[in-house]
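Only the coordinates and a few stated rules stand behind these numbers; no lab work does. Bear in mind the structure is a predicted one, so any value in this text is a computation, not a measurement. Cβ coordinates were reconstructed from backbone atoms using ideal geometry, including for glycine residues, and neighbour counts include every protein chain displayed.
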Amino acid sequence: MSRPRETGDPWRDSLAADLKALDRESSPPAGAHPDEDAWVRYACGELTADERERLANHALACDECAAIARAVGHVREGAEAIDAGAPRTSAAPGTSAAPERRMAVWLALAAALVIAVSGAILLRRSPQAEPGADRIVSTNPSAQTARPARPEPRVWARLGDPPEVRLPASLALAVRGTDKDRDEALEAFGAGITPYREGRFREAADRLAPLAARRPDIPEFAYYLGVARLFAGDPSAAIEPLRQARVSATVGDDARWHEATALERAGRREEADALLKSLCASANSYQSRACAAAGSGS
Amino acid sequence: MLALSIQERSMGEARSLAAGNASGVRSDEAAVQEIVRRYGRLIRHAIRRAGGPEVTTLADDIEQTVIVNLWRQMAREQTIDHPASYIYRAAIRETVRAVRRERERAEAAADATPGAVAHSADPEAMAVARQRREALAAAIAALAPDRARAVRAHLGGWSAQEIMELTGWSYQRTRNLVARGMADLRSALVAKGVR
């Protein structure tokens, strides 16, 4: 199921194909496939360092487990948005839920099972179901009035690698004020960009936020704040700084692309589409990607 | 056919549950149901991304199966104190099962496809390819363990983000291991005459 991506580098692609052939020919990787419990613990961050290393080694040598690792990664990535709207039916930490309440939750779940399964069957058999409509829709009126779900981000908005750090060559001159102001700004930026480079995006965002607020005249600061928030899983908060960074001569195009990504991931699809069209309509380094994304609908 | 058989089995379960619990609707229900539905869609997308285009045609069945199975898992529990956490864990289990199920299906389909037998190539070309693969295996085996893992992941098409998630490495460490591992690999292969 998983396959090496073609990169346009023939040497690397041929090695990737050779490695795949080797894995096919060789005996199964050492150790049994991780079981479901192991994957659940991996997804919940509960594995010890040794267990995680064993699982990673196995997944890198096993096509099936590589596909599982990727799929689990996608679910883990998407779960944050779902959990943000999760119901709080449990007792607060440190207190015990009354048995009647827990039973009530169970009864509610059981009733919902009836509704969900029955609704699924009805819709599955209904020729009137609209193309593209959800296949399973509750027949329960309270569910139908629930807040609409944020749509899953489309493929083009998937987060790959975070952008490399690029600053205008004239940044030191652009930071106006005294030498002290300039040194403080650059030092604060360095403190924020270090965790960014190390993949600690939440920490990077926390450090960059005051700097970006203090120095709105340097759009690159806002850009890396926006990207850090986006990669930290907070696309809604990423939108505004990315919008501010559009004016940058260095990262303006990147800012618009990542703003579109943040809008999409925040469920603001129409605005994302509008921005994609604008990127597609002008010459820039994201034009072909934007046109493909705007035209694919996926 | 897969989805139909599941629905038929579920119908019986639904009837038996309905007989005992039809009055137990609470305000939590819609929210829990919504979460399950969204997880169903999420797993569907995850499987599609991990599985590639061949899974796309089965996406609706996957989502359907996932949702029904999630509800079944929940129905087996006596009490659920933390629904969000519970559903997340159940969703991970269902993801693992769905990937395995789809792989089995794909393998069975490939086996059943006429003409799926591998073509025999020119023996000399096969020997050269064999030597290349052996040189690659030896070169990777000679790398430092973490560089070997990074190279395997990189050649397997994993992004830096995916490698970070799997291994727990930082972004910078991931980039360094991939870059240095690939440089080592290139040197080793060039030394063996593989270009």
Per residue of B:166-176, count partner chain C-beta atoms within 10 Å of its C-beta, then hand back the mean as an integer. 5
Could you work out how much longer the chain between B:Ala141 and B:Val128 gets when fully extended? Use 0.36 nm per residue separation minus the Cα distance between them, nm to one decimal. 2.7 nm
Which whole-Hz couplings ³J(HN,Hα) result when phi for each residue of the stretch A:41-51 is put into the Karplus expression 6.51 cos²θ - 1.76 cosθ + 1.60, θ = phi - 60°, listed in order with x for Gly and Pro? 5, 4, 5, 9, x, 9, 6, 6, 4, 5, 4
Short version: ³J(HN,Hα) in whole Hz for each residue of the stretch A:257-266, in order, from phi by Karplus 6.51 cos²θ - 1.76 cosθ + 1.60 (θ = phi - 60°), x for Gly and Pro, what are they? 5, 6, 5, 4, 4, 5, 4, 4, 6, 8
Can you give the mean number of other chain Cβ atoms that lie within 10 Å of the Cβ atoms in peptide B:96-109? 4
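Among B:37-48, B:126-137, how do they line up by average Cβ neighbours within 10 Å per residue, starting with the highest? Don't jump to the answer; show the numbers that get you there.
Values: B:37-48: 24.8, B:126-137: 15.5.
Packing proxy ranking, top to bottom: B:37-48, B:126-137.
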Other protein chain Cβ atoms within 10 Å, averaged over every residue that makes up A:190-203: 2
What nm distance separates the two modelled labels at B:Ser170 and B:Ala108, each placed 7 Å from Cα along Cα→Cβ? 4.8 nm
Inter-probe distance in nm under a simple model that places probes 7 Å from Cα toward Cβ, at A:Glu46 and A:Glu187: 4.5 nm
Which whole-Hz ³J(HN,Hα) couplings does the stretch A:154-159 yield from phi under the Karplus relation 6.51 cos²θ - 1.76 cosθ + 1.60, θ = phi - 60°, glycine and proline marked x? 6, 4, 4, 8, 5, 7
Spin-label pair A:Glu240/A:Arg202, simplified geometry with 7 Å Cα→Cβ offset, distance in nm: 2.1 nm
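Based on the mean of other beta carbon atoms within 10 Å per residue, what is the order of B:175-185, A:9-19, most packed first?
Per-residue mean Cβ counts within 10 Å order the peptides as B:175-185, A:9-19.
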Sites A:Glu25 and A:Ala292, calculated FRET efficiency, Cβ-Cβ separation with R0 30 Å, nearest 0.05: 0.25
Once the piece of chain linking A:Ala32 and A:Arg214 is laid out straight, how much longer is it, given 0.36 nm per residue of separation minus the C-alpha distance between them? 60.1 nm
So what is the relative contact order of the stretch A:204-264, in percent, for Cα pairs below 8 Å that sit 6 or more residues apart? 28 percent
Label 7 Å along Cα→Cβ of B:Ala183; the stretch B:138-171 residues with amide nitrogen under 20 Å? B:139-155, B:160, B:170-171
If you take the charge dipole of the stretch B:117-195 about its Cα centre, with +1 on Lys and Arg Cβ and -1 on Asp and Glu Cβ, which of B:Val151, B:Gly181, B:Gly168 is farthest toward its positive end? B:Gly181
Proxy reagent accessibility, fewest Cβ within 10 Å first, across A:Ile193, B:Ile35: A:Ile193, B:Ile35
